[in-house]
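Heads up: the structure comes next, in structure tokens.
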Amino acid sequence: MDTMSPITPHKEINAWAKSRIRDDEITRYLNHGQSFLNEARIVHTLRAQKNPDPAQVEAILQKSLAIQTLTLEETAILLNVTDPALRARMEAVAGQVKQQVYDNRIVTFAPLYLGNLCVNECAYCGFRCSNTQLERSVLSLDQVRRETEVLTGKIGHKRLIVVYGEHPRMDVQYMIDSLKAIGDVRVETRRGTWSQIHRCNVNAPPLQIEELKRLKEVGIGTFQVFQETYHRATYARLHPSHTLKGHYLWRLYSMHRAMEAGVDDVGIGALFGLYDWRFEVMGLIAHANELEQRFGVGPHTISFPRMEDVPNTPFVKQTDWKVDDESFRQLVTVIRLAVPHTGMILTARETAEVRRQILPLGCTQMDASSRIGLCSYDRSDRVGQNQDAQTQQFMLGDTRSLDAVIRELAEAGFITSFCTAGYRCGRTGSRIMEMLKCGKEGNLCKLNAVITYREWLDDFASPETRAAGEKVIAKEIELIRQTLPDVYEYFMTYYQKTQDGERDLFF
Ligand code: SF4
């Protein structure tokens, strides 16, 4: 691979690592020296809510249906439900809540890993620095452009999650340069129209406030840092204290720093399989509630990846906390009910079958045609390679093409939205959350979903997928005619222009 040299002198790495953590960018958020994550309270609340009363559960479900955020106590009650009939009721309501806030839209995206260098030593990760079985590198800007050309020009993606490791070779300047390189790529499609990535979400290590301000200037979508586990003792065991990631609070307050820097679309997540899944859900909801209370806006998205197979990483097989499919159903359901207006990301770590089962419980986003090996899009295009154990962090469960995923979604009645208008029109943070809560964003999203779906079907769909998509579009247009008569004519002019080959129209 024509990549940047992975060799960085140890001295340079150590000096860089020492300069990363700013104590004052943690302590300013503490309450009398304590973090918002009160473990004793979480444990006590989970124990206190055993054997919940069905009437109490129903009252909580009504609150979710009213699109209100649940308290930790209410979340604990739902996590403790064991009765199969009550669980089925919770799942049905979770689906209704999603429908109410996000309608039948699913947003798709692709992950783009820009390197696998890392200074950390997380026990569960293939990128940990002691793993000598991996081929290490960071993508050059030319490689970033080539990956982007395949992603947007051949597959048709408009939205990426760009993944960076914690290493001086992937510092904030590299982030800025690579995001600009991605944004500059504009590719002609086979139909003679053009395609471009319109939104780059960023998955990165914890950053300083000044660095986050620089990222905001470039124009990023959602900024993600996952806590991995909210349980401090487990965190300490899996992330050695001599490593950067060993600092629990530096990571925990990543989103506070982002908000302070003006990056108000943030994504939180936990890696399920490191500790008790009920505790982790409580940690996520405590985190979401803290952000909402302190900054007036909760996280834009929550991710809930389950630990999957990782080459040369024994911890993954040894953990006592693997989450089975039934528990996974319940944790997804409870997150949906607890934060009704927050986006939920179901990743291709899961198999296609699991994704089919879990999606209707309230998920709003999924990746497709995902490749997580370095330069895998460019290479898979030439050699048909799906997974690359030599360079990737873990193994994926679902490597189906975007075309296949969109066809399946269409057959199940979902419309795939490629809309990125909210972020580009400044509808982010508290503005979009308020609009989602009162249903206003839904109308704009519906119109934009249809326009962007039309684009994708015309430019990229196989004949089978296009046939399935036409049925969805016909239904959606009829719904717009019936429910939004004031804008119908105006909408149809945009729709016609898009059919005629104009691109990137949005409301
Ligand atoms: S989980 Fe992240 S920080 Fe930890 S070793 Fe892997 S890439 Fe590095």
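General remarks:
- Residue match in the range 251-260 (condition: away from the ligand (no atom under 16 Å from the Cβ), part of a loop (DSSP other than H, G, I, E, B) and at pLDDT below 95): no
- Test for Asp486: is it in a helix (DSSP H, G or I) and over 22 Å from His157 (Cα atoms): yes
- In the range 78-130, the residues that are touching a residue at least 60 places away in the same chain (Cβ under 8 Å), hydrophobic (A, V, I, L, M, F, W, C) and more than 30 Å from Asn14 (Cα to Cα): Leu78, Leu79, Val81, Met90, Val93, Ala94, Val97, Val101, Ile106, Val107, Phe109, Ala110
- Any hit, the range 173-186, residues being buried (at least 18 other Cβ atoms within 10 Å of the Cβ), more than 30 Å from Pro463 (Cα to Cα) and within 16 Å of the ligand (Cβ to nearest atom): yes
- Among the conditions (1) at pLDDT 95 or above; (2) crowded, with 21+ Cβ neighbours inside 10 Å, Asp264 misses just one, which is (1).
- Cross-chain or 6+ apart pairs with Cβ under 7 Å, the range 154-172 first and more than 18 Å from Ala348 (Cβ to Cβ), then basic (Lys, Arg) and part of a helix (DSSP H, G or I): Glu166/Lys245; Val172/Arg214
- Residue count for the range 464-507, restricted to those that are among the hydrophobic types (A, V, I, L, M, F, W, C) and within 18 Å of Gly192 (Cα to Cα): 1
- The number of residues in the range 154-172 that are away from the ligand (no atom under 15 Å from the Cβ) and in a helix (DSSP H, G or I) comes to 3.
- Looking across the range 261-287, the residues that are touching a helix residue (DSSP H, G or I) at 6+ places or on another chain (Cβ under 7 Å) and in a loop (DSSP other than H, G, I, E, B) come down to Ala261, Gly262, Val263, Asp264, Asp265, Leu274, Tyr275.
- Looking across the range 210-242, the residues that are surrounded by fewer than 19 Cβ atoms within 10 Å (Cβ to Cβ), touching a residue at least 12 places away in the same chain (Cβ under 8 Å) and either over 20 Å from Lys180 (Cβ atoms) or within 16 Å of the ligand (Cβ to nearest atom) (or both) come down to Phe226, Arg232, Thr234, Ala236, Arg237, Pro240.
- Hey, Leu151 more than 13 Å from the ligand (Cβ to nearest atom) and under 23 Å from the mean Cα position of the chain (by Cα) or not: yes
- Residue match in the range 178-191 (condition: among the polar types (S, T, N, Q), part of a helix (DSSP H, G or I) and either within 23 Å of Cys419 (Cα to Cα) or free of Cβ contacts under 8 Å to residues at least 60 places away in the same chain (or both)): yes
- Condition met for Glu353 (surrounded by fewer than 21 Cβ atoms within 10 Å (Cβ to Cβ) and free of Cβ contacts under 8 Å to residues at least 40 places away in the same chain): yes
- Residues being in a helix (DSSP H, G or I) and modelled with pLDDT of 95 or more - total across the range 402-421: 10
- Selection from the range 87-141 of residues that are part of a strand (DSSP E or B) and within 16 Å of the ligand (Cβ to nearest atom): Pro111, Leu112, Tyr113, Gly115, Val138
- Glu12 vs. criteria modelled with pLDDT of 95 or more and either outside any loop (DSSP other than H, G, I, E, B) or in contact with a helix residue (DSSP H, G or I) (Cβ under 6 Å, 6 or more places away or on another chain) (or both): no
- Within the range 291-341, if we keep just the residues that are hydrophobic (A, V, I, L, M, F, W, C) and in a loop (DSSP other than H, G, I, E, B), the residue that is farthest from Arg355 (Cα to Cα) turns out to be Val297.
- Consider the range 288-304 and keep the residues that are under 23 Å from Thr234 (Cβ atoms) and in contact (Cβ under 8 Å) with a residue 60 or more places away in the chain. The one that is surrounded by the most Cβ atoms within 10 Å (Cβ to Cβ) is Ser303.
- Residue within the range 6-25 that is more than 25 Å from Leu291 (Cα to Cα), touching a residue at least 24 places away in the same chain (Cβ under 8 Å) and acidic (Asp, Glu) present: yes
- Residues that are within 12 Å of Glu91 (Cα to Cα) and either without any contact (Cβ under 8 Å) to a residue 40 or more places away in the chain or in contact with a strand residue (DSSP E or B) (Cβ under 8 Å, 6 or more places away or on another chain) (or both) within the range 332-350 comprise Val332, Ile335, Arg336, listed in sequence order.
The values are calculated or read from the model by the stated rules, or taken from the named source; none is laboratory data. Note that the coordinates shown come from a computational prediction; the quantities given were computed from them, not determined experimentally. Here Cβ is always computed from backbone atoms with ideal geometry, including for glycine, and neighbour counts include all displayed protein chains.
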